[in-house]
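Heads up: the structure comes next, in structure tokens.
FYI, it's all coordinate maths here, none of it is from the lab. Predicted model only: the values in this text are computed from it and were never measured. Neighbour counts are summed over all protein chains in view; Cβ atoms, including those assigned to glycine, are modelled from backbone coordinates with ideal geometry.
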Amino acid sequence: MPAPASRWKSLSASERRVALEVLVRGPLARTELAQRLGLSTPSLSRLTKPLLDLGVLHEVDDAEPVARGGGRPPQPLDVNPRLEHFVGIKLTGTRAYAALTDLRAGIIRAADARVDDHDPQAVVEVLAGLVHDLNGDTAATVLAIGVGLGGMVVEDVRVGRAPFLGWRDVDLGPQLTARTGLPVVLANDLDALMEAEHWFGAGRDVTNFAALTIGAGVGCGLVVHDRLVHGRDSGLGLLGHFPLDPLGPACPDGHRGCANALLSMDAIQTQASLATGRALEYDEVLDLAQAGDPITDQIVGNAARAFGVLVADVANIAQPERVVLTGEGIRLAEVGWERLVSSIREHRNAEAAELDLLLVKDDPTLWARGAAAVAIQRTVLDTLP
Ligand SMILES: [Zn+2]
């Protein structure tokens, strides 16, 4: 039996197109698949035959009862996601979160470990240990590893800049490959999250969507015309410096009232601690606001309204059909929901379409899954580093 990796490696461009459509949209009836790809039925049959022989696709057995009058109707086509496995890892300055997934980025199990030492060799050991723990005692066949981190990635294998690790120009990909024997692809963590939502999650059924995140900073990811917007400055967190209030506090870069200065977890925590005269944790600020404490409620309300301006501006510029709100500090949107929504409305044209807002509770595994999705994409597109 051929190694699972060869299933995707040997495909022609047309066969790959069929397989990808089924991977992302399947299961699909043959007629619908042909229609989606603009193929005639005979062409589709010609392309699906080798895919069925290779085991990339299979017929779904029990979708339809047997048609009246005997003959078995053609069955819908699908991939078998459990045949191939991937590991995604979200690397932070203090912990690494890993997930073993199937071919559709479905999480099979998760594990995490402390990152105490930022020496690249020590980090590689932690990551390799996680891969081993997730894969070790089972028959799971891991085809590739994806690593997502906050920062800039160069040529999919080098960390150009990762401030929280104090790294510049570290060849993490080749080092982890040498240690595990597996292909490794690196990605900015928000880009990775976007790719997972684009192919397998909240963005699967739309061609334009945005995600805004609140955490140590404010982040934004965009998919436009079914493609992730990515450029040479991706990973710098540029939207975090979007001006929201000319009279607001300044961020460390000196921008008065930019998104980071108003909305980062640190910024909110600092404002609330100064206003109440108590050293408060981020969640304590939100707990107090939720319980009706007027001082923290005002801070949270102002931040929610400012976040609404940012969401509205992103929507006005990029015209997404859906906006996903997530990140470690996204509870701000939950606690300030009414004020967030009314601020978005105020800053949009009255005739603009209602935004489909989706609040996704933060979970490190979600980000690990994002990194796995990048490994999946690169495997099925046969573009692994
Ligand atoms: Zn700034």
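Structure above, values below:
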quantity	calculated
Taking the range 114-172 and dividing mean pair separation by its residue count, relative contact order in percent (alpha carbons under 8 Å, at least six apart)	23 percent
Cα-based shape type of the range 102-198, given that a ≥ b ≥ c are square roots of the gyration tensor eigenvalues and the cut on a/c is 1.5	oblate
Formal net charge of residues neighbouring ALA113 (Cβ-Cβ distance under 11 Å; K, R +1; D, E -1)	-2
Estimated FRET transfer efficiency (GLU328, THR207; beta-carbon r; R0 25 Å; 0.05)	0.30
Stretch gain in nm, segment ALA122-TRP337, where the contour uses 0.36 nm per residue and the Cα spacing is subtracted	73.2 nm
The range 218-262: projected area of the alpha-carbon convex hull, averaged over directions, in nm²	3.5 nm²
Given charges at beta-carbon only (K, R positive; D, E negative), |dipole| of the range 195-339 in Debye	340 debye
Exposure proxy ranking, count of Cβ atoms within 10 Å, fewest first, for CYS251, CYS258, CYS220	CYS251, CYS220, CYS258
Normalised contact order of the chain, rounded percent, pairs of Cα under 8 Å and 6 or more residues apart	18 percent
Cut-off 14 Å (backbone N to label point 7 Å along Cα→Cβ of THR276), residues of the range 290-316	290-301
Compactness of the chain as Cα Rg over 2.2 N^0.38 Å, two decimals	1.09
Of the DSSP H helices in the chain, those whose Cα atoms cover at least 24 Å axially and whose Kyte score averages -0.5 or more	294-318, 364-380
Contour excess over end-to-end distance, with Cα ends at ASP61 and HIS132 and 0.36 nm allotted per residue	22.1 nm
Calculated over the range 168-301: convex hull of Cα atoms, volume per residue (Å³)	178 Å³
Nitroxide proxy distance, nm - points 7 Å out along Cα→Cβ at ILE108 and LEU238	3.9 nm
Within the chain, percent of DSSP bridges classed antiparallel, to nearest 5	60 percent
For GLY217, net neighbour charge (Lys/Arg +1, Asp/Glu -1) across residues whose Cβ lies under 13 Å away	-4
Paramagnetic label zone (point 7 Å from Cα along Cα-to-C-beta, ASN349; backbone N under 14 Å) in the range 315-332	315-320
Residue-count net charge about VAL206 - beta-carbon cut-off 11 Å; Lys, Arg +1, Asp, Glu -1	-3
